[in-house]
1. Quick one: in region B:5-56, of everything that is touching a strand residue (DSSP E or B) at 6+ places or on another chain (Cβ under 8 Å) and facing chain A (nearest Cβ under 7 Å), which residue is modelled with the highest pLDDT?
2. Restricting region B:275-305 to residues that are over 29 Å from the mean Cα position of the chain (by Cα), at pLDDT 95 or above and of a type in the set (Val, Ile, Thr), which is surrounded by the fewest Cβ atoms within 10 Å (Cβ to Cβ)?
3. Scanning region B:365-406 for residues that are in a strand (DSSP E or B) and among the hydroxyl-bearing types (Ser, Thr, Tyr), which turns out nearest to B:Ala317 (Cα to Cα)?
4. For B:Lys350, all conditions in the list (1) surrounded by fewer than 17 Cβ atoms within 10 Å (Cβ to Cβ); (2) at pLDDT 95 or above; (3) basic (Lys, Arg) hold save one; what is the number of the exception?
5. If you check every pair at least six apart or on different chains, which have Cβ atoms under 6 Å apart with a residue in region A:190-205 that is within 12 Å of chain B (Cβ to nearest Cβ) first and a residue that is assigned to a loop (DSSP other than H, G, I, E, B) and among the hydrophobic types (A, V, I, L, M, F, W, C) second?
6. Being surrounded by fewer than 15 Cβ atoms within 10 Å (Cβ to Cβ), touching a strand residue (DSSP E or B) at 6+ places or on another chain (Cβ under 7 Å) and either not hydrophobic (A, V, I, L, M, F, W, C) or not assigned by TED's automatic domain parsing to the domain that holds B:Leu341 (or both) is the requirement here; does B:Tyr394 meet it?
7. Looking only at residues in region B:243-288 that are within 17 Å of B:Thr353 (Cβ to Cβ), among the aliphatic types (A, V, I, L, M) and touching a Ser or Thr at 6+ places or on another chain (Cβ under 9 Å), which one is nearest to the other protein chains (Cβ to nearest Cβ)?
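The values are calculated or read from the model by the stated rules, or taken from the named source; none is laboratory data. Everything quoted here is computed from the prediction, not taken from an experiment. Using ideal geometry, Cβ is built from the backbone for each residue, glycine included, and neighbour counts are taken over all protein chains shown.
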Amino acid sequence: MNSIAQHCKAASNPVHHAARVSPQRLSQLDVLESESIHILREVAAECSNPALLFSGGKDSIVLLRLAEKAFRPSQFPFPLLHIDTGHNFPEVIAFRDKRAQELGERLIVRSVEDSIASGRVVERPGAGRNALQSVTLLDAIAELGFDACIGGARRDEEKARAKERIFSFRDSFGQWDPKNQRPELWDLYNARVHAGENIRVFPISNWTELDVWQYIARERLEVPSIYFAHNREVVRRTGGLLPVSELVRPRAGERVETLPVRFRTVGDMTCTCPVESVAATVEEIIAETQTTRITERGATRMDDQTSEASMELRKKEGYF
Amino acid sequence: MKLLENSAVIDPDLLRFAAAGSVDDGKSTLIGRLLYDSKSIFEDQLNNLERTSQKRGQSSIDFSLLTDGLMAEREQGITIDVAYRYFSTPQRKFIIADTPGHEQYTRNMVTGASTADVAIVLIDARKGVLTQSKRHAYLAHLLGVPHLVVAVNKMDLVDFAEDVFNKIRAEFAEFAKGLGARHVHYVPLSALHGDMVVTRGDRLNWHRGPTLLELLETLDVSADRGYDPLRFPVQLLAWPDASRGRERRGYLGRIESGTVRVGDAVTVLPSGMTSTIAAIKTLDGDLAEARAPLSITLELADEIDVSRGDMIVHQAAAEAQAQVPARRIEATLCWLHARPLDRRRPYLIKHTTSTVKAEIESINHTIDINALEPRAGAQTLAMNDIAKVGIRLYQPLVCDAYADKRATGAFIVIDPADNATVAAGMIERQSAFVH
């Protein structure tokens with residue numbers, strides 16, 4: 001993994017920069033990065049009121065670095081928006097706030113708890129809040145008048161996402177119509193919407209989980225601690241490890257174990273499973289990602305496994 | 001600086017390929033085989049495939065389920081839309097655009113091919129070169145895909161016979177020559193059994209060339225855009241803000257072709273105003289030079305009027321009139337929408353970073369996609385039609401012929417009524433008409 005460390009840029013050394021020349025042959029990360037910067041700038045140019053969805057997770061952390069690459073030293077041309085399920089890992093929420101503050105960018109938080117309290121959505125006991133999130137997101141889009149939301153979804157994550165456009169149209173109900181998407185050719189993105197409609201934009205569509213970690217290494221990005229191996233109390237449920245918390249109590253017959261684990265995704269605490277791991281550094285995570293035999297969501301998201309099309313159904317209703 | 005040079009050697013590069021063919025050609029099986037043998041299918045995906053295949057009463061794993069991600073696709077057993085899949089080997093990262101072979105064929109193939117470096121055309125060894133194979137090759141060529149790989153599949157069903165392969169190759173080569181396709185490669189294989197896909201197997205020993213994966217790993221697709229003339233479409237302006245460390249106006253964009261250096265004399269088109277590159281800015285510091293396809297910020301020595309949609313080129317090129325802003329263009333149009341062309345209304349054309357109003361003035365001829373022959377007399381265009389058209393632009397565009405430069409020769413057509421993307425266009429030339 002030394003090679004990864006060697007890629008790290010020498011950002012603090014201006015002497016290098018004066019004579020720096022772009023390399024002859026660009027690596028795949030360079031090409032992906034440039035594509036994503038281009039996409040972010042297109043959003044800024046073509047949409048009148050965009051927002052960037054920032055959860056504190058690794059994919060949106062990468063998005064923020066790409067936004068820095070696209071717009072610094074200027075302020076970002078969009079605020080950060082988080083739809084807080086109230087089921088998030090506290091470490092991730094703390095990281096979210098810290099990162100937004102470091103960047104000096106505006107963070108808007110809208111919460112599923114509020115949607116439940118106001119009666120907009122009804123919570124089903126024992127179910128995760130991922131589906132409810134869509135309502136809060138659509139309400140936030142309406143309230144704040146966003147015409148575009150930039151998200152960190154990737155096509156390699158899930159089979160419905162593999163079919164999604166980079167600029168993905170949503171009708172005035174926030175719905176995705178997968179059978180009737182705008183064709184997307186070259187990198188000529190169609191961001192046009194009428195009032196009330198919106199566009200979801202996925203600048204890292206073409207990145208894989210491995211690309212994300214390699215980029216995190218190359219850019220020396222900080223990520224929440226729960227991505228690294230740590231000891232945690234878990235129970236085994238529906239084929240996965242479920243973290244014990246105030247929201248998840250062991251059921252009768254379940255044994256609480258303390259295992260070295262890390263999270264590959266960070267989502268709703270009631271349905272996001274860690275994997276057993278001793279990877280304590282980004283380099284070790286990369287090594288593990290290169291050899292894993294289980295997909296990112298396959299290992300970690302119980303809500304995706306309730307049916308073959310859970311994600312597609314959620315997305316049709318406005319999920320990102 | 002040393003570090004960056006190293007990274008260029010160590011890191012794998014990126015290859016985008018489109019796979020064209022129908023279920024019958026074994027396209028899904030081929031992609032499945034490529035992923036499976038390169039260890040890019042994960043256990044949970046495999047379990048899922050097994051479960052679903054079983055549920056449907058299929059005895060073996062149906063690899064098409066890997067790429068058919070939508071409910072409607074699984075229900076109907078057809079592929080509706082382009083799917084993107086990813087895998088990598090130590091040499092390269094691959095992005096596959098998996099384009100369905102039947103329904104809305106042209107629309108999907110054109111979409112998948114628009115960004116591809118390589119198009120794989122599948123031929124069933126038993127059937128030989130069919131109209132469909134020619135259609136696939138024609139569309140790939142039309143979209144300017146630099147490399148064509150002809151995968152002669154199902155060699156197991158013709159006893160791995162070399163003469164079958166040779167006959168198909170000879171016939172296809174004749175056709176490709178007529179098209180003008182320059183880089184055509186041929187691989188005999190059996191997607192079902194895996195011969196010559198990732199591993200060579202021992203039944204096609206007469207084939208001296210690389211396996212399909214070896215070919216994909218080694219094809220030279222850099223076609224070094226860095227040596228081409230500079231094309232820098234301006235995406236955005238950044239205003240000076242000394243308090244944040246921005247001293248001059250910044251022009252944000254991606255280099256679509258060529259190399260730009262500090263000190264270069266440049267012209268901004270269409271205005272024709274000239275200046276000098278004062279700085280090339282990135283988050284990681286200033287660059288002395290940058291080449292396609294990097295996203296950068298340019299600063300000019302003079303405060304001149306530059307806005308989104310303008311193109312920065314080298315002064316020498318502008319003086320040689322290589323780029324005259326066009327008011328009329330001739331183009332090949334692929335109609336993508338179920339609602340046909342309505343010539344009474346103006347449409348919007350998005351080309352690089354500019355969007356202009358335009359009228360489709362004339363339909364010179366359509367292309368019969370099966371006979372691959374021109375047909376005169378079309379009054380309108382329907383979904384999947386391909387036509388040579390004349391277009392009048394309300395504002396000038398700075399463009400190249402698509403055959404020379406994909407990035408500055410391509411455009412999409414948007415219907416302002418509902419903002420649907422209704423067509424894809426490739427500029428043939430600027431029209432001879434007087435402006």
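1. B:Leu14
2. By that ranking, first place goes to B:Thr276.
3. Residues of region B:365-406 in a strand (DSSP E or B): B:365-368, B:373-375, B:386-397.
Imposing the further condition that a residue be among the hydroxyl-bearing types (Ser, Thr, Tyr) reduces the set to B:366, B:394.
Numbers: B:Thr366: 34, B:Tyr394: 25 Å.
Only one residue fits best here, namely B:Tyr394.
4. If we test B:Lys350 against (1) surrounded by fewer than 17 Cβ atoms within 10 Å (Cβ to Cβ); (2) at pLDDT 95 or above; (3) basic (Lys, Arg), just (1) comes out false.
5. A:Ala191/A:Cys47; A:Ile199/A:Ala191; A:Ile199/A:Val193; A:Phe202/A:Ala153; A:Phe202/A:Ile166; A:Ser205/A:Ile166
6. Values: surrounded by fewer than 15 Cβ atoms within 10 Å (Cβ to Cβ): yes; touching a strand residue (DSSP E or B) at 6+ places or on another chain (Cβ under 7 Å): yes; either not hydrophobic (A, V, I, L, M, F, W, C) or not assigned by TED's automatic domain parsing to the domain that holds B:Leu341 (or both): yes.
Judged against the criteria, B:Tyr394 is a match.
7. B:Leu252
Conditions tested, residue by residue: (1) over 13 Å from the mean Cα position of the chain (by Cα); (2) closer than 26 Å to B:Thr106 by Cβ; (3) surrounded by 22 or more Cβ atoms within 10 Å (Cβ to Cβ); (4) modelled with pLDDT of 95 or more.
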position: A:Asn180; (1), (2), (3), (4): yes, yes, no, no
position: A:Leu185; (1), (2), (3), (4): yes, yes, yes, yes
position: A:Asn190; (1), (2), (3), (4): yes, yes, yes, yes
position: A:Asn206; (1), (2), (3), (4): yes, yes, yes, yes
position: A:Leu210; (1), (2), (3), (4): yes, no, no, no
